[in-house]
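Contents: one structure, followed by commentary.
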Amino acid sequence: MLVTKLVIRMLDVDEQLLGWAEVQAEARGDGKLWVDPPTFVAIKRDGVVNYLSVHWCDVNVEIRSVVERARVTLGQLFELPGQWAAITCGPAAGGLPSVTVRSPVAVQVPVGAFGAKG
């Protein structure tokens with residue numbers, strides 16, 4: 001299984017940082033990055049959460065979602081509920097196309113000899 005680093009950020013309506021956490025996510029072959037519980041976000045200032053930002057650091061991709069508003073306070077550890085899919089990548093659109101080569105492909109079977117030597 002692939003394990004990768006995600007940074008979770010909680011942002012207010014003006015997209016200002018309220019708190020963040022670094023978590024490990026696991027790719028299980030289903031097109032999703034799964035985060036196991038517990039996931040705690042350390043709150044750095046008072047405010048109302050409006051967005052959840054998930055940054056997949058290895059590929060520098062961010063997914064930002066509007067979330068149900070929650071009031072948070074400085075010093076609070078905000079727990080995200082249960083096991084959750086932080087990012088859903090999904091399958092390649094229409095499947096992957098075949099790969100072409102610039103010369104004929106031939107598979108040669110090595111010639112060998114069976115038998116005992118004396």
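The values are calculated or read from the model by the stated rules, or taken from the named source; none is laboratory data. No experiment lies behind these values; they were computed from the predicted model shown. Cβ atoms come from the backbone with ideal geometry, glycine included; neighbour counts cover every protein chain shown.
In this structure, Gln83 qualifies as within 16 Å of Ala21 (Cβ to Cβ), at pLDDT below 90 and touching a strand residue (DSSP E or B) at 6+ places or on another chain (Cβ under 9 Å).
Exactly one residue out of Arg102, Arg71, Arg64, Arg45 is surrounded by 12 or more Cβ atoms within 10 Å (Cβ to Cβ) and farther than 24 Å from Gln24 by Cβ: that is Arg45. Looking only at residues of segment 1-28 that are more than 25 Å from Gly75 (Cβ to Cβ) and hydrophobic (A, V, I, L, M, F, W, C), we find that the one that is surrounded by the most Cβ atoms within 10 Å (Cβ to Cβ) is Ala25.
Quick one: in segment 21-69, of everything that is of a type in the set (D, E, K, R) and assigned to a strand (DSSP E or B), which residue is nearest to Val3 (Cα to Cα)? Restricting to residues being of a type in the set (D, E, K, R) and assigned to a strand (DSSP E or B), the top hit is Glu26. Kindly indicate whether Gln83 is at negative phi, of a type in the set (S, T, N, Q) and either touching a Phe, Trp or Tyr at 6+ places or on another chain (Cβ under 6 Å) or surrounded by 13 or more Cβ atoms within 10 Å (Cβ to Cβ) (or both). Spelling it out, it is not the case that Gln83 is at negative phi, of a type in the set (S, T, N, Q) and either touching a Phe, Trp or Tyr at 6+ places or on another chain (Cβ under 6 Å) or surrounded by 13 or more Cβ atoms within 10 Å (Cβ to Cβ) (or both). Can you confirm whether Glu15 is on the phi > 0 side of the Ramachandran plot and either over 14 Å from the mean Cα position of the chain (by Cα) or not aromatic (Phe, Trp, Tyr) (or both)? Here the answer is yes, as Glu15 does meet what is asked.
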